1. Is it the case that D172 is over 30 Å from P50 (Cβ atoms) and of a type in the set (D, E)?
2. So which residues in region 225-242 are more than 12 Å from the ligand (Cβ to nearest atom) and open to solvent by 30 Å² or more (accessible area, probe 1.4 Å), if there are any at all?
3. So which residues in region 166-220 are among the basic types (K, R) and open to solvent by less than 30 Å² (accessible area, probe 1.4 Å)?
4. Does region 112-127 contain at least one residue that is open to solvent by less than 10 Å² (accessible area, probe 1.4 Å), touching a Phe, Trp or Tyr at 6+ places or on another chain (Cβ under 9 Å) and small (G, A, S)?
5. Is it the case, given these coordinates, that T173 is more than 21 Å from the chain's Cα centre (by Cα) and closer than 17 Å to P147 by Cα?
6. Restricting attention to region 155-211, report how many residues are touching a helix residue (DSSP H, G or I) at 6+ places or on another chain (Cβ under 8 Å) and of a type in the set (F, W, Y).
7. So which of L212, L246, L266 ends up being touching a Ser or Thr at 6+ places or on another chain (Cβ under 9 Å), touching a residue at least 12 places away in the same chain (Cβ under 8 Å), hydrophobic (A, V, I, L, M, F, W, C) and farther than 18 Å from A142 by Cα?
8. Taking only region 206-223 into account, find how many residues are within 12 Å of the ligand (Cβ to nearest atom) and outside any loop (DSSP other than H, G, I, E, B).
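The values are calculated or read from the model by the stated rules, or taken from the named source; none is laboratory data. As the structure is a prediction and not an experimental result, all values here were calculated from the model. Positions of Cβ are backbone-derived with ideal geometry, glycine not excepted, and every protein chain shown enters the neighbour counts. Note: areas computed on protein heavy atoms with side chains; ligands, DNA, RNA excluded. Shrake-Rupley method; radii C 1.70, N 1.55, O 1.52, S 1.80 Å.
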Amino acid sequence: MKALVRDRYGLPDVLEVREVERPAPKTGEVLVRVHAASINDWDWELLQRPTLPFIRSAPRRILGSDIAGRVVALGAGAQRFRVGDDVYGDLSRFGPGGWGGFAEYVCARERALALKPARLTFEQAAALPQAGQLAMQALFAAGPLRPGQKILINGAGGGVGTIAIQLAKLHDTEVTGVDSAAKLEMMRQIGFDHVIDYRKQDFTRNGQSYDLIVDTKTTHLPFEYARSLNPGGTYATVGGEEMRVLLRVALVGWWIRLTTSKKVRLIALRQNKDLAYLSERAEAGQLAPVIDGPYKLSEAPEALRHFGAGNHKGKVVIAVD
Ligand SMILES: NC(=O)c1ccc[n+]([C@@H]2O[C@H](COP(=O)([O-])OP(=O)(O)OC[C@H]3O[C@@H](n4cnc5c(N)ncnc54)[C@H](OP(=O)(O)O)[C@@H]3O)[C@@H](O)[C@H]2O)c1
């Protein structure tokens with residue numbers, strides 16, 4: 001089979017499409033013919049360096065965790081799916097196994113997959129799993145959304161933000177998105193009520209306040225976020241570039257929770273936990289991922305460069321066939 005392979009850590013030029021052996025499903029796994037895969041931050045990180053900074057582990061040969069495709073073979077004991085089922089899911093998994101989605105075939109644990117919503121193309125379905133889970137888990141971090149709530153999404157034009165807006169608008173909320181100028185028009189089109197160019201305006205200093213802030217970048221100090229929350233409001237971050245920034249949010253957030261009515265939450269991804277909810281929304285025509293691409297497998301290094309430069313809108317998708 002064809003796969004996007006690398007032998008060492010580095011920038012996207014270490015990647016090349018090669019013929020490699022097709023994997024065989026182990027117990028509890030299915031073999032999926034991959035039709036589309038999408039790029040996540042972890043692909044970008046693991047391309048360049050090992051999971052743990054001080055342990056020089058061998059690189060995973062094939063990256064790619066968000067996939068959509070068709071089941072073509074079942075491993076021993078695999079019972080949830082039948083050959084011919086169209087599936088999607090997030091195959092990221094630290095430790096043995098996991099990833100491998102930038103290839104024509106990949107083996108996946110059954111529990112990492114769900115039936116693909118018929119209404120979505122393979123490209124759309126591949127865009128959903130990881131960003132969709134993060135969007136949901138952050139949006140509902142403080143419980144159900146209520147009509148009229150004011151929500152701000154920081155880093156709103158990428159994978160998580162462009163899904164989160166669609167879920168938030170199902171609850172009649174008023175949503176502001178913050179990102180760079182080139183993404184603001186697309187953000188307006190998919191439903192943001194207000195948009196802010198972060199290079200022109202600091203949303204923590206514009207006098208506005210919100211009931212919920214969902215963050216994909218963690219670009220401000222915890223007290224600045226707290227200042228922008230209404231009493232009883234919640235700040236939920238799914239990530240950011242630097243571990244020390246997230247540690248600061250955890251520590252200072254704990255103090256903010258103790259001393260005010262505001263909550264600060266760091267969201268740890270629970271892979272595939274709520275795929276059923278995303279599938280239902282997609283089947284109902286309420287959720288359609290924003291796709292950057294699709295790129296061919298041979299164009300994947302370029303797609304990763306595009307992602308790494310932060311120039312993408314929504315999810316960068318690779319159409320494997
Ligand atoms: N919590 C977990 O367990 C977990 C698991 C997996 C991933 N993650 C994290 O989840 C996040 C994934 O988010 P995503 O897929 O939506 O990322 P994304 O697609 O890269 O989107 C992030 C957006 O933020 C914008 N941005 C950059 N700097 C900004 C700033 N100073 N202010 C506001 N916006 C800014 C970027 O645009 P420009 O570059 O054009 O500015 C981009 O559009 C990542 O941080 C990842 O590390 C967390």
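1. On the way: over 30 Å from P50 (Cβ atoms): yes; of a type in the set (D, E): yes.
So D172 fits the description; yes.
2. Those that are more than 12 Å from the ligand (Cβ to nearest atom) and open to solvent by 30 Å² or more (accessible area, probe 1.4 Å): R227, N230, P231, G232.
3. To start, the set of residues in region 166-220 that are among the basic types (K, R) comprises 169, 183, 188, 199-200, 205, 217.
Correct list: K183 only.
4. yes
5. Values: more than 21 Å from the chain's Cα centre (by Cα): yes; closer than 17 Å to P147 by Cα: yes.
Yes, satisfied.
6. Counting residues in region 155-211 that are touching a helix residue (DSSP H, G or I) at 6+ places or on another chain (Cβ under 8 Å) and of a type in the set (F, W, Y) gives 1.
7. On the way: L212 fails: farther than 18 Å from A142 by Cα; L266 fails: farther than 18 Å from A142 by Cα.
Being touching a Ser or Thr at 6+ places or on another chain (Cβ under 9 Å), touching a residue at least 12 places away in the same chain (Cβ under 8 Å), hydrophobic (A, V, I, L, M, F, W, C) and farther than 18 Å from A142 by Cα holds for just one of L212, L246, L266, which is L246.
8. Number of matching residues: 3.
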